[in-house]
Amino acid sequence: MTLKTDCLGWLLNAEVLLSALTLWLPKPKRLWVWLTLLPLSATTIILRWTAVQHPPMRNLFEAFMWLPLLLVCMTLVSALRDKHDTSRLDAALGVIIAFPLAFVFSAAEGQLPPVLQSPLFVPHVLGYMIAYVLLARSFILECFHQPDASRENAAWGFAFISLALALGSIWGNEAWGAYWQWDPKEQWSLATWLIYAAYFHLQHKRRWRVTLLGVGVLFILLTVTWINLSKLFSGMHSYAGA
Amino acid sequence: MRYLTPWRSRLCFRTCATLLLLGLSALAILFAFPGTHTFLKTPLTNGILLLLLGVLLFTTGRALINRRWLSALFHCGAGLVIIGGGITAGYAKDGQVLLTDSTYAPPEYRQFLLEGERIALHSFDILTYDNGMPKQYVSRLVFPDGVHEISVNAPLRRKGWTFYQMSYQTQEGPYGEPIFSTVLTLRKDPGVGFTFCGYGTLVLAAILLAIRETCRLRPSAKESIA
């Protein structure tokens, strides 16, 4: 665990601080504090993009940089469309996301290997990032007894996870010569997709909804961290942890 | 007329479907350990996939009869993916060729025959970034109708076969100079079309589900705010 002390590092530290602050502030102020993350996280992405000269999605550090921006956008949609302030719940997720981004993941810069130079690179990774944020929100909203909002987030999350999985498979067919290779990350992504498919079959009882959304989030966490980083699961996606 | 009681109905459809899906998830994870790429090769897994295909076709039919179009679209898409996967597992052909970009190499390392057509290596280049890291691998092959280029993420499709740039090897030449060989994968897969149609159907169904949920939940969302 290290403190990043360059310009990008201080912006990421500020994201952690503002997310934590949002958790404790009262209602009218906390939404505005949380919304300051919108320009802040956009700036971190632009800074990184400029520094590495490619869309910052090459590894966990770069992919996680998109999550606070997406989270704040979703808070904004809830606030403007539904007049529903979800900033505290989203800030809780924001702390969980921004903490490893600021203090755990390595910010070492690198070039894109040949396999990542594809028009499907950005839609595949961005699709997964949007899906992960929506599905994590869905779980939190369900835990805090907001079933309608949870269901809507889960439905859009499922659409994006299906799209990203399909795009990944099509990309695999272009790059590796096969659309499915039983690579560990592919299998865990399929297992995650099946969990959410099960959710849509068993969503009439709250007990099932909470369990399946929770298991889904657990699978997402395992897929993006353990499967990416562990030497046990070396495979076609091994560069993702670099 | 025979009616299903509510608990039997739940047991038959929702619970069975969920248990089946969760069981397959567990199976997928079981096979997640490295070195096991035999998922479609054993009678057990073939049986499971055939059973799943049967369940999906039955569910699609039932959904069509009950006019549940979205459910039919989902299960039809999943069925297409499994049919495509089965065709790939049973009928896809593939192989690797290693071609050397050196005049010292014997002719069999510089060309090969594919369905009566002679294909030779014209050149193989490794493009690098300023720091020396590989940026792209490019092989140029000579076909009877001219030279065609293959690189990572840009395969060449020709007469049903697809040529992929997979990797490369280096060896030392007779005067100590490096000799590069390109490794190409050749593949003919009749299942791709079915699988990609299945993906398209599944993604369309998932987007329609999300739109339906948004439209359905909007009035109640507005009431709760009021």
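For B:Asp130, the conditions (1) assigned to a strand (DSSP E or B); (2) within 14 Å of another protein chain (Cβ to nearest Cβ) are fulfilled apart from (1). Any residue that is in contact with a helix residue (DSSP H, G or I) (Cβ under 7 Å, 6 or more places away or on another chain), closer than 17 Å to A:Met129 by Cα and either surrounded by fewer than 18 Cβ atoms within 10 Å (Cβ to Cβ) or among the polar types (S, T, N, Q) (or both) - is there at least one of those in region A:60-67? No, there is no match, as no residue in region A:60-67 is in contact with a helix residue (DSSP H, G or I) (Cβ under 7 Å, 6 or more places away or on another chain), closer than 17 Å to A:Met129 by Cα and either surrounded by fewer than 18 Cβ atoms within 10 Å (Cβ to Cβ) or among the polar types (S, T, N, Q) (or both).
Residue check: is A:Glu152 within 21 Å of A:Val210 (Cα to Cα) and at the interface with chain B (Cβ under 9 Å from one of its Cβ atoms)? So A:Glu152 passes the test. Residues that are of a type in the set (A, V, I, L, M, F, W, C), within 15 Å of the chain's Cα centre (by Cα) and over 21 Å from B:Thr88 (Cα atoms) do not occur anywhere in region A:165-181. In region A:178-189 there is at least one residue matching the filter, namely being in contact with a helix residue (DSSP H, G or I) (Cβ under 7 Å, 6 or more places away or on another chain), among the polar types (S, T, N, Q), part of a helix (DSSP H, G or I) and at the interface with chain B (Cβ under 9 Å from one of its Cβ atoms). The requirement of being among the small types (Gly, Ala, Ser) and under 21 Å from A:Val224 (Cα atoms) is fulfilled nowhere in region A:42-58; no residue meets it.
Yes or no: A:Leu3 more than 14 Å from A:Phe103 (Cα to Cα) and assigned by TED's automatic domain parsing to the domain that holds A:Leu71?
Judged against the criteria, A:Leu3 is not a match.
Would you mind finding the one in B:Ser181, B:Ser102, B:Ser139 that is part of a loop (DSSP other than H, G, I, E, B), crowded, with 16+ Cβ neighbours inside 10 Å and in contact (Cβ under 8 Å) with a residue 40 or more places away in the chain? Sole residue among the options that is part of a loop (DSSP other than H, G, I, E, B), crowded, with 16+ Cβ neighbours inside 10 Å and in contact (Cβ under 8 Å) with a residue 40 or more places away in the chain: B:Ser102. Here A:Tyr128 fulfils each of the conditions (1) over 17 Å from B:Leu202 (Cβ atoms); (2) away from every other protein chain (no Cβ under 12 Å) apart from (1).
Restricting A:Leu134, A:Leu112, A:Leu165 to those that are under 24 Å from A:Val16 (Cβ atoms), buried (at least 18 other Cβ atoms within 10 Å of the Cβ), within 10 Å of chain B (Cβ to nearest Cβ) and not basic (Lys, Arg) reduces the list to A:Leu134. Of the listed requirements (1) in contact with a Cys (Cβ under 7 Å, 6 or more places away or on another chain); (2) within 30 Å of B:Leu156 (Cβ to Cβ), A:Leu163 misses just one: (1).
Of A:Gly216, A:Gly177, all but one fail to be touching a Pro at 6+ places or on another chain (Cβ under 8 Å) and modelled with pLDDT of 85 or more; the exception is A:Gly177.
Among the residues of region A:76-97, is any in a helix (DSSP H, G or I) and touching a His at 6+ places or on another chain (Cβ under 8 Å)? Even if it seems obvious, please write down each step before you answer.
Applying the first criterion (in a helix (DSSP H, G or I)) to region A:76-97 yields A:76-82, A:87-97.
Filter once more, keeping what is touching a His at 6+ places or on another chain (Cβ under 8 Å): A:78.
Checking region A:76-97: at least one residue is in a helix (DSSP H, G or I) and touching a His at 6+ places or on another chain (Cβ under 8 Å).
The values are calculated or read from the model by the stated rules, or taken from the named source; none is laboratory data. Every value quoted in this text rests on a predicted model; they were computed, and no experiment measured them. Counting neighbours? That spans all protein chains shown, and the Cβs are built from the backbone with ideal geometry, glycine included.
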